[in-house]
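S.K.: This is the structure I have questions about; it appears just below.
What follows draws every value from the coordinates through simple rules; no lab data is involved. Just so it is clear, the structure is predicted and the values come from calculations on it, not from any experiment. Cβ coordinates were reconstructed from backbone atoms using ideal geometry, including for glycine residues, and neighbour counts include every protein chain displayed.
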Amino acid sequence: MMRIIYLGYYFKNLDFKRFRNWINFVSAEYKINKIKLFIDIISSSLKYNVSLLEYFQFGFYNKDRTLRSSYAGTGFMYEYQLKMNPKDVRVILDDKNIFTKKYKDFLIHKSYSLEDLKNDENKGKALLSNSAGKFVLKVSDGKCGAQVLVKNCNEYTIKELIHFMEETEYDLAEEYIIQHKSIMAMSPSAVNTIRIFTQLDKANNVEILGCRFRISINSSVDNLAAGNIAAPIDEETGKVSDLGIYSDIMKTDVEIHPITGMRIVGFQIPFWKETLEMVKKAARAYPQNRSIGWDIVITDSGSGLIEGNHDWCKLLWQLPVKKGLKAELTKHI
C-alpha cells in the first residue's frame, strides 16, 4: 500500500515535460517500445521505490534487477533520513537561522537573521561593509538554492535593508563569500561548494559516505537541479576522481569545464585535510542528527560550513560515481 502512495506522490510532483522528453530519448537511443518502457517505469517505481525520473537518472532502462536494487531512491531516502534525523531534532539543520547559531564555530562568513539586524546595528554595519562588497539574502527554510538573492552593499542603508527584508520573504542575510582562487578559476559564476556526506555509527564514529564537487555552469548557484554538474572527490587525496555529470540524461559527462576550459578530473580541492577534520567535528557536535549532507565553501584562508542537510540528495550522492550506494546505508539500520 505504501508503494502505491509513493507512486501517487511521484506522479503529483512529476515534471511531465521532462518525463516525455526522456521517454522519447531512451526509446530512440535504446530501441525500446514506449509502452513497454512505460510499464517498466511504473513497475520499477513500485518495486524499487524510486521516482519516475529516477528510473532514467539511475539508468534502470539498461540495468538488471540486481543493479536496480542497489540504488537508494526517494522513498527509501525519505524513510532512512526520517529515522536518522527525526523531525523533532532536525530543525537545527532545516532552519538556516538556527543552523548558523548552533554551528557558528564552523562558519567563516558573517550571517545574521532579520532579528539580529533589528536588535544590533553593528551587525548591519559589519554586513554592509564586508570586503566582498556584496551580501546574500536567503529564506531560512529555502531548499536547493532557491530563494537566494545577491545584492550590492552600496545599494542599501541598514534601515533600508531591514525594511526590504520585512516586506519580502527573506529573513537571513549573509556576507558574500569570495571562494578560493583556484575554484574561482574553475567556475566564477557562483560559489562552488563541496558536499560531504557523513554518517554516525552506533559508537558515534564518523563515516564519510562520499565527497562531491559541485560546479556551476554559467549559473549563480551550483545545484544539480539548476543544470550544473557534480564530480566525485577522492576522500584520501582531495582530488576530483572522475568526470562531471549532469542530472539530465540527455547531456553527456564532461572532463573540461565548458565555459572556463579548466580540466575537472584531477583538480585538487584546497585545504582538504582541514576540511575533512572540520566536517567530522561538526558531525559529532549534535549527534541527534546522524546522517548529514554538508555544504562547504573553500576560501583562500580555509574552509567553512554553509549549511547541513538532513534530507541530502541521493542523486548528488550516487550519480557522480555511477553506481547504487544503498548498501552503505542499510547497514546502519
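S.K.: Find the percent of Cα-Cα distances in region 1-139 that exceed 26 Å, and round it to a whole number.
M.R.: Beyond 26 Å sits 49 percent of the P(r) for region 1-139.
S.K.: Can you give the Kirkwood hydrodynamic radius for the chain, in Å, rounded to one decimal and based on Cα pairs?
M.R.: Kirkwood hydrodynamic radius for the chain: 21.2 Å.
S.K.: For region 110-175, what value does the Rg/Rh ratio take when both radii are computed over Cα atoms and Rh is the Kirkwood radius, given to two decimals?
M.R.: So for region 110-175, dividing Rg by the Kirkwood Rh gives 0.92.
S.K.: How large is the convex hull of the Cα atoms of region 213-252 per residue, expressed in Å³ as a whole number?
M.R.: Cα convex hull per residue, to the nearest whole number: 69 Å³.
S.K.: Given Lys96/Lys202; Lys96/Lys280; Lys123/Lys181; Lys63/Lys273; Lys239/Lys323, which pairs have Cα atoms separated by over 25 Å? The partial results should precede the final answer.
M.R.: Values: Lys96/Lys202 27 Å; Lys96/Lys280 20 Å; Lys123/Lys181 27 Å; Lys63/Lys273 37 Å; Lys239/Lys323 19 Å.
Going by Cα-Cα distance, Lys96/Lys202; Lys123/Lys181; Lys63/Lys273 fall outside the 25 Å limit.
S.K.: Stretch Glu166-Lys104 to full length: gain in nm at 0.36 nm per residue minus the Cα-Cα span?
M.R.: 19.9 nm
S.K.: From the mean inverse distance of alpha carbon pairs (Kirkwood) and the Cα radius of gyration, derive Rg over Rh for region 238-333.
M.R.: Rg/Rh: 0.99.
S.K.: From Cα coordinates alone, what are the radius of gyration and Dmax values for region 182-304 in angstrom?
M.R.: 14.6, 45
S.K.: If packing is taken as the mean number of other Cβ atoms within 10 Å per residue, what is the order of 26-39, 191-204, highest first?
M.R.: 191-204, 26-39
S.K.: Based on the alpha-carbon set only, what is the convex hull volume of region 131-223 divided per residue, in Å³?
M.R.: Taking the convex hull of the Cα positions in region 131-223, it is 146 Å³ per residue.
S.K.: Then there is this: Using only the Cα atoms of region 2-69, what semi-axes does the equivalent ellipsoid have when each is the square root of 5 times a gyration tensor eigenvalue? Give whole Å, largest first.
M.R.: 18, 15, 9
S.K.: Count charges around Leu7 for me, please; just the other residues with Cβ under 13 Å from its Cβ, Lys/Arg as +1, Asp/Glu as -1.
M.R.: Summing Lys and Arg as +1 and Asp and Glu as -1 gives +2.
S.K.: Report ³J(HN,Hα) in whole Hz for each residue of region 73-79, in order, from the Karplus equation J = 6.51 cos²θ - 1.76 cosθ + 1.60 where θ = phi - 60°; Gly and Pro get x.
M.R.: Result, ordered by residue: x, 4, x, 4, 5, 4, 5 Hz.
S.K.: What size of dipole, in debye to the nearest 20, comes out for region 1-55 about its Cα centre when the only charges are +1 on Lys and Arg C-beta atoms and -1 on Asp and Glu C-beta atoms? Provide the component values of the computation, followed by the final result.
M.R.: Numbers: 9 positive and 4 negative charges, 27 e Å.
My answer is approximately 120 debye.
S.K.: Quick check: the angle from helix 34-48's long axis to the longest principal axis of the chain, C-alpha only, nearest 10 degrees?
M.R.: That works out to roughly 60 degrees.
S.K.: Neighbouring Cβ atoms within 10 Å as the yardstick, rank Tyr286, Tyr48, Tyr103 fewest first.
M.R.: Working: Tyr286 15, Tyr48 23, Tyr103 19.
Neighbour counts put them in this order, fewest first: Tyr286, Tyr103, Tyr48.
S.K.: Continuing with this model, one more query. Ranked highest first by the average count of other Cβ atoms within 10 Å around their residues, in what order do 259-272, 231-244, 147-160 fall?
M.R.: Result, highest mean Cβ count within 10 Å first: 231-244, 259-272, 147-160.
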